[in-house]
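*Asks:* Shown below is the structure under consideration.
The values are calculated or read from the model by the stated rules, or taken from the named source; none is laboratory data. What you see is a predicted model; the values in this text were computed from it and never measured. Cβ coordinates were reconstructed from backbone atoms using ideal geometry, including for glycine residues, and neighbour counts include every protein chain displayed. Note: areas computed on protein heavy atoms with side chains; ligands, DNA, RNA excluded. Shrake-Rupley method; radii C 1.70, N 1.55, O 1.52, S 1.80 Å.
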Amino acid sequence: MNLNAPVSTTSPDGRTHVFPPPMDRHYRVSAGRVETRSLEAHIVDHCNLTCAECCSLSPLLPTWYATPESVVDDLRKAVKVLNPRVFKLVGGEPLLHPQLVDVIRGVRTTGIAPVVSITTNGLKLGDMTDDFWQAVDALTISRYPKPSLAPALIAHIEAQAARFDVRLNWKIQDAFSSMTRTQPSDDIAEAKRIYHDCWIRERCHMIRDGMFYTCTRPAHFQTLYQGERDFRSDGLPLRDDAGMLDALLAYLQREAPLEACMHCYGGSAPQAPHRIMRRIEVDALKARYP
Ligand code: SF4
Ligand code: SF4
């Protein structure tokens, strides 16, 4: 069986999803801005779960929060050249951010996208204030086999979403892509193939600390390796000048793989059932890195 053959599923809200999604490398420019599917900021690196193969590497990363000011600064530059359909606040677990409502309100002032969405495992949604529900437009809630969300919490989420007109996207996640290599590759030709075939680099555009990245992996590898390897140069510095649009288009259409692709199987990664790692396994994995 080809594990990477496209599989179509229907989510509880009746929407059909195809995985892996088809590639879409056609970047239209309108009014000086590149139209994209989405843009995201990972505002918390850590998480309250330890999923094996977390693509944000959260179980291996230290506690970290983005400041609302840094997210807004990056978006004020990004909005001049990017026009994403949705802006996503992601983590780690973004609901752990102590100034989450300030972050959402700050994002809104930049006008980066018509929809501001949060991607969460949902476990803390019962603790969120009405301010939070008022601020956000949409939630993507990952549903894992374990820990599953309690029926009372699901009912609360649905009631609050209806009350505050928040769109819910329940995402069944019973399998994860095993994207991270145990050892970095030194095969440039293979990295080129993986990068070329990688759908993630069109769908997971990310900003962090003054940089735009075509996928989320370089920023997290940068933290994981604590500067011992350079993944920051996988990104494009966000600038405020007339050459930024051309630089962005050239970056999005580049053919050279990223340094991060040497550490990643990207969209070609095999799938494995979702599972939570025990602390001893997390510690053993952490010991592989600086
Ligand atoms: S809930 Fe999401 S961010 Fe947290 S460990 Fe699992 S996959 Fe990673
Ligand atoms: S690092 Fe390379 S292979 Fe991995 S998701 Fe990003 S573009 Fe794809």
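*Asks:* Long-range amide H contacts for Ile172: which residues qualify at under 5 Å (H placed 1.01 Å from N, peptide plane, sequence gap of 5 or more or a different chain)?
*Replies:* Those lying under 5 Å, H to H, from Ile172 are Arg143.
*Asks:* Can you give the accessible area of Asp127, probe radius 1.4 Å, in Å² rounded to 10?
*Replies:* 100 Å²
*Asks:* OK, next. Please give the contour-minus-distance gain from Asp165 to Arg254: 0.36 nm per residue of separation, less the Cα-Cα distance, rounded to one decimal in nm.
*Replies:* 28.1 nm
*Asks:* Pairs of alpha-carbon atoms within less than 8 angstrom and 6+ residues apart define the contacts here; what relative contact order does region 27-286 have, in percent?
*Replies:* 23 percent
*Asks:* Once amide H atoms are built 1.01 Å from N in the peptide plane, which residues 5 or more positions from Met211, or in another chain, come under 5 Å H to H?
*Replies:* So Met211 has HN proximity to Leu238.
*Asks:* Accessible area of Trp170, 1.4 Å probe, to the nearest 10 Å²?
*Replies:* Counting only protein heavy atoms, Trp170 exposes about 20 Å² to solvent.
*Asks:* In whole percent, how big is the carbon plus sulfur part of the accessible area of region 27-286, probe 1.4 Å, protein atoms only?
*Replies:* That share works out to 51 percent.
*Asks:* If amide H atoms are built 1.01 Å from N in the plane of the peptide, which residues on other chains or at least 5 residues away come under 5 Å of the amide H of Gly92?
*Replies:* Residues meeting the criterion, in which the H sits 1.01 Å from N, are Ser58.
*Asks:* Run the 1.4 Å probe and let me know the accessible area of Leu252, rounded to the nearest 10 Å².
*Replies:* 10 Å²
*Asks:* For the chain, report the accessible area per residue in Å² (1.4 Å probe, heavy atoms, rounded to an integer).
*Replies:* Averaged over the residues of the chain, the accessible area is 48 Å².
*Asks:* I need the peptides 142-150, 84-92 ranked by packing, meaning the mean over residues of other C-beta atoms within 10 angstrom, with the highest value on top.
*Replies:* Ranking the peptides 142-150, 84-92 by packing returns 84-92, 142-150.
*Asks:* By DSSP, what percent of the beta bridges with both residues in the chain are antiparallel, rounded to the nearest 5?
*Replies:* The antiparallel proportion sits near 40 percent.
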